[in-house]
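The values are calculated or read from the model by the stated rules, or taken from the named source; none is laboratory data. Keep in mind that what you see is a predicted model, and the values were worked out from it rather than measured. Using ideal geometry, Cβ is built from the backbone for each residue, glycine included, and neighbour counts are taken over all protein chains shown.
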Amino acid sequence: MHCKCGNHIEKERSKLNLKSCKSCAFTGKDVGKVKGTMIYSHKTAPSIQIVNKDVFDSTRKYYVPSGARSAVKNFSKNLCS
């Protein structure tokens, strides 16, 4: 078997069903970039959720705020109209 870089995958790695050669595994070429988002399970205790790029792109619409950024602006809009 050959790695996507063109090098031969070592027989020990192929026995473990690994799809990359040793040099690609140690340089991190086969691992995608990770992203993180803040998750607020409590108002003063946020945590970070770390996901890969594919999951982040598919759920991005839930992380981006829409509408006014302040609750005061939303409330004052209704009073003035």
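Structural remarks
- Whenever a residue of the stretch 1-12 is farther than 10 Å from Ser23 by Cα, its partners that are part of a loop (DSSP other than H, G, I, E, B) and of a type in the set (Asp, Glu), lying with C-beta atoms within less than 8 angstrom and at least six residues away or across chains, give the pairs Lys4/Asp30.
- Against the conditions (1) more than 10 Å from the chain's Cα centre (by Cα); (2) modelled with pLDDT under 80, Lys33 satisfies every one except (1).
- The set of residues in the stretch 31-50 being loosely packed, with under 10 Cβ neighbours inside 10 Å and more than 30 Å from Cys21 (Cβ to Cβ) consists of Met38, Tyr40, Ser41, His42, Lys43, Thr44, Ala45, Ile48.
- Set Ser23, Ser14: member being among the polar types (S, T, N, Q), more than 26 Å from the chain's Cα centre (by Cα) and more than 23 Å from Val55 (Cα to Cα): Ser14
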